[in-house]
Structure formats: C-alpha cells, structure tokens
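J.: Structure incoming, see below.
A short reminder: the numbers here are calculations on the coordinates, not readings from a lab. What you see is a predicted model; the values in this text were computed from it and never measured. Heads up, the Cβs are rebuilt from the backbone with ideal geometry, glycines too, and the neighbour counts pull from every protein chain shown.
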C-alpha cells in the first residue's frame, strides 16, 4: 500500500472487541500521530454537555448522536480538503455507515480496513459487561449480536471496497491473522482458519486464505 496517497483507515469490529483500547497498535507507521474519530466517546461527551443544559432525558441520545454525526462529517470534509489521512473507528453493520466510506472513495482516497474481532458473541457481551463495571457505556446484548453478524455480512459482500484488509484476533492483544491487498492474500496464519468469524462470517475471504495456506504448504513440501 502506497501511503503517500491519501488514505482512509477504517478501524472496525463488534462491540467489546477492544477497538478503542488497542487502536493505536493497529495503525500503519504512516499514521503515527493521527488519532481516530471515536464515535462513541464523542457522542458521550456531547451527552454530558447537553445534560448540563437541561435537555430532556429522552432527547439526550438522539440530539447527542446528531451532534456527533455533524462533527464527524465536518472533520472528514476538512481532511479531504487538505488531502490528509483519516482514521475512522466505526461499525459497518448498516448502510448508513458505508456512506462515510463512499465520501472518501468519491474523493479518490484509497481505503484500508483493519478489522478486530472475537470468536463468539458471548465474549463480546462479557467484555461490554466488564466495561460497564469500569464506568463504560452499556450496549444491549441483542444489539451486540446484530452488529457482530451484520458487520461480517457487509464486509463479505463488499470486500472490493477496500484496497487493503487486515484481520485481527482480539482475544488478548490484537494479533494479525491475515492481510489482503487488491483481493490477493499477502499474509495469513494457519490459525486464521480456526476462527469461526472468518470461516463462517467471511466465507469469500476464508476461501482465499485457505488457498494461500495450501499454496504455501506446497512450496514448502
């Protein structure tokens, strides 16, 4: 990947995978010093500010969400105008999220996806529960399950949107399992095929990874 060209780096994964915690360890060297736009934390900050102004509790979340979206679009347009790299941490579980990618793609940005995942929805639910105990925000288990499944479905269907895809295991610290560029596998660990979220959730990528590992075995035999 030629990072001399303006690049959108999408950091994604299910709730509880550890994106916000480990994001800086998942950035290419060319992105050193560039901080991601964290949708959750930005929305929470707006909620705090609005609550101090006496906004009705029912209106708090939708208003803070709108303000967060407006801030995000403002920062994206600023980066595009200056032809700067941009790091976006976001789910990919709904078409609305993909319009951000379209905005950069329509302005001749190359797009990279770094995806961090756990192998079971229940692990994500447990991580979110622990986060809540530590003062973090709550997410309904049904929402976690929906985001987990829909993220993978959209990525599998729209793989061609990304010039580079890096798949990370988030069980402990992020571990790179596989890397693809222009649809071609450049690196893969055998353990990638043991991950159910890759085997079942990303069947198109899984097939390419399996073929790559098979070819490596033949070369080494």
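J.: Just to verify a result, which residue in segment 96-124, among those that are in a helix (DSSP H, G or I) and in contact with a helix residue (DSSP H, G or I) (Cβ under 8 Å, 6 or more places away or on another chain), is surrounded by the most Cβ atoms within 10 Å (Cβ to Cβ)?
T.: The selected residue is 124.
J.: Here is a check on your reading of the model: is residue 77 in contact (Cβ under 8 Å) with a residue 60 or more places away in the chain, surrounded by fewer than 17 Cβ atoms within 10 Å (Cβ to Cβ) and either touching a helix residue (DSSP H, G or I) at 6+ places or on another chain (Cβ under 9 Å) or closer than 19 Å to residue 158 by Cα (or both)?
T.: no
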